[in-house]
Amino acid sequence: MISVQFLAILSLVVLSTFDSVVIPYLRLSVADISIIGVLFALGVSKQGMHRSIYYLIIGVGIFFIVNSIVYLTHTILHEETFELRQLFRGILRPVLFIFLAINLYYSLRKCNIDGRRLYAALSIGGGLLTIIVLTQYTGHWPAQYHNNPAFSESGRWTFFNEGWRPTGLSNEASFVGIFLVLILSLQIYLKENIALGKSKLLAIAPYITLIGCFLTTSRIAFLIGVFLLIIHMRLGYKLLFISIAILFILFFENFVPVRILALGSFDGDASTLVRYGSNLAFINAILSGNYILGVGYLNGSNVAMQYANPAVLEAHGDLILPAFSVPLQLMLELGLPLFFLALFILIYKRKCIFTLPIITVMLASLVTGIQNFVFVYIFISLAVYAKHSLCR
């Protein structure tokens, strides 16, 4: 029997990337609203409410102290005043996502969702997103509306039969691609730790999710997805899988998206130019030696623009250059001492933290700015629940 909890998680998996439509004035997307609805469906946990408030008070307090030190240091040493307004505006959504994710974790514990139901919900949800991407890739998905102000959208329609890249329910193909590869990592992790029974459809679910990664044309998502499957295959299957992939690239290039074939190109489409140009600008700013102690949260883009290639700025227009790498962003914004301290703590606590899903988040964060998307927080909540409640 299908339970309310199962439907709630399935809905969350499908809708947590639905940020293309935002309710005016409230500035809440369908993804934001969906997790709030899911929490009510699962039953809000009092323990989750208390824990989330406790963690947020401590975390936000430390965060503001660190940033105040960074801003004060720069004002004294460089006679520069950085935009504190950026900090206040930028921290609101991560705080909301953290609050919701902690509550989701405790709501799942309260409901005691078993591993097979969680795996089934992830697999069906991943399958539905793959179908959406497939219909967009083939031009059969109806026109989609976008009005998210965070992406400078004032209201436009996307017609996929005109050749637009598949975006799922999001604004960007790479967003849904990264989400699908995160789902894939959690599917593999659960599959190795629970009994699936005799369902053949559930057994091949990770491969269906990988197809979705491929069809998004998100190169990073597809490569991480292939890597995840290969490392968990037997040697014979690994060789067969790699051989088939090479054959497709060499002899069936019409079936391979152009963006995946152009992985090594730095002079291709504007998206590629901006992505790699942004990372290079952040690296140049860090290596300049002027910002050892950091520049403050969300001020990294303003500083990195001074080190960006003119061609990159021209391709990106008048917009602020975004950070496409979380580690590079943290190095520049919080400074090298704090970054390496955080890295040391992460390594020290690796047995408590590191699982395949969490490692996948870290891999994605190397070349993708994922810290401001609700689906990443929701995924981490599901992954932590799977580690501590199911896989023992």
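Each reported figure results from applying straightforward, stated rules to the coordinates on display, with no laboratory input. Here the structure is a predicted model, which is why all the values come from computation and not from measurement. No Cβ is skipped: glycine too gets one built from the backbone with ideal geometry, and neighbour counts run over all protein chains shown.
Brief remarks follow.
- Nonlocal amide H pairs with residue 18, under 5 Å, H built at 1.01 Å: 31
- Largest-first ellipsoid semi-axes for the stretch 282-334, taking √(5λ) over the Cα gyration tensor eigenvalues, angstrom: 19, 11, 9
- Label-point separation, residue 391 to residue 25 (7 Å along Cα→Cβ), nm: 4.5
- Here 293, 92 are placed in order of increasing Cβ neighbour count within 10 Å, fewest first, which gives 92, 293.
- With a simple spin-label model that places each label point 7 Å from the Cα along the Cα-to-Cβ direction, the separation between residue 40 and residue 341 comes to 4.2 nm.
- The Stokes-Einstein estimate for the stretch 149-242, based on a Kirkwood radius over Cα pairs and taken at 37 °C with 0.692 mPa s viscosity, is a diffusion coefficient of 221 µm²/s.
- Neighbour-count ranking [beta-carbon atoms within 10 angstrom, fewest first] of 111, 213: 111, 213
- Equivalent ellipsoid dimensions for the stretch 284-387 as semi-axes, Å, which come from the Cα gyration tensor, largest first: 28, 18, 10
- Entry note, the chain: the mean residue ellipticity at 222 nm calculated from DSSP H runs of n ≥ 4, each adding -39500 (n - 2.57), is -21000 deg cm²/dmol after division by the residues and rounding to the nearest 500.
- Relative contact order (%) - the stretch 84-222, alpha-carbon pairs under 8 angstrom, separation at least six: 27
- Percentage of interatomic Cα-Cα distances in the chain larger than 29 Å: 46
- With contacts taken as Cα pairs under 8 Å and at least 6 residues apart, the chain reaches a relative contact order of 19 percent.
- Taking all Cα pairs closer than 8 Å and separated by 6 or more residues, the relative contact order of the stretch 180-236 comes to 44 percent.
- Footprinting exposure proxy ranking of 123, 301, fewest other C-beta atoms within 10 angstrom first, gives 301, 123.
- The stretch 107-169: projected area of the alpha-carbon convex hull, averaged over directions, in nm²: 6.0
- For the pair residue 302 and residue 352 in one chain, pulling the backbone fully straight at 0.36 nm per residue adds 14.4 nm over the alpha carbon distance.
- Local electrostatic count, residue 32, Cβ distance below 12 Å [Lys/Arg +1, Asp/Glu -1]: +1
- Candidates per trypsin sites (Lys or Arg not before Pro) in the stretch 1-72, loop by DSSP, up to 15 other Cβ within 10 Å: 27
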